[in-house]
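The values are calculated or read from the model by the stated rules, or taken from the named source; none is laboratory data. Since the model is a prediction, treat every value here as computed from it, not as a measurement. Here the Cβ positions follow ideal geometry from the backbone for every residue, glycine too, while neighbour counts run over all protein chains shown.
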Amino acid sequence: MSDGTGGTNGARGLFPDPPPLPALTRAEGELVDRYLEVLDLLGRINPARIQGTYGGLRAAQALVVASTGLRDALTVMFERGEREVYTGTMARALRALGGERRARRVMLPPPSAS
């Protein structure tokens, strides 16, 4: 059902539909998932944004495991003969999964007015 804004997410039409996820190999999907996991953890560790050390410490500990998963995803791709990363396809997948929003948490916040 169209909501009048180009989206088809119901009668209310409050939000546009997210962009479709491009077709990925299983290994490419794993790479995207693990990369976003690392990105989320880096956002939780960002010293310009965290409220306390405990949450940052927990995220840093989890980052070790997530980084290993990212390495393993790339290793699988390499071993399967997937030597190229199609950056346009990957960028579309990352955008569809909120990568831009997640990456903003890693960046410095704007300067305060004070």
Within the stretch 50-62, which residues are under 18 Å from the mean Cα position of the chain (by Cα) and either closer than 17 Å to M107 by Cα or assigned to a loop (DSSP other than H, G, I, E, B) (or both)?
A59, A60
For the stretch 33-46, state whether one or more residues are of a type outside the set (K, R), assigned to a loop (DSSP other than H, G, I, E, B) and either at pLDDT 90 or above or exposed (fewer than 14 other Cβ atoms within 10 Å of the Cβ) (or both).
yes
Any residue in the stretch 7-24 that is surrounded by fewer than 16 Cβ atoms within 10 Å (Cβ to Cβ) and assigned to a helix (DSSP H, G or I)?
no
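Would you pick out the residues in the stretch 63-114 that are part of a helix (DSSP H, G or I), among the small types (G, A, S) and free of Cβ contacts under 8 Å to residues at least 40 places away in the same chain?
Step one: list which residues in the stretch 63-114 are part of a helix (DSSP H, G or I), which gives 63-79, 87-96, 99-104.
This time we only want the ones that are among the small types (G, A, S), so: 66-67, 69, 73, 88, 91, 93, 96, 99, 103.
Result: A66, S67, G69, G88, A91.
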Log entry, pairs with first residue in the stretch 1-29 being closer than 30 Å to Y86 by Cα, second being loosely packed, with under 11 Cβ neighbours inside 10 Å and at pLDDT below 80, beta carbons closer than 8 Å, six or more apart or on different chains, reads T8/M1; T8/S2; P16/G6; D17/G6
Those residues of the stretch 51-62 which are exposed (fewer than 14 other Cβ atoms within 10 Å of the Cβ) and either in contact (Cβ under 8 Å) with a residue 40 or more places away in the chain or over 18 Å from R34 (Cβ atoms) (or both), in sequence order
Q51, G52, T53, Y54, G55, L57, R58
Out of the stretch 1-27, which residues are at pLDDT 80 or above and within 23 Å of A73 (Cβ to Cβ)?
P20, L21, P22, A23, L24, T25, R26, A27
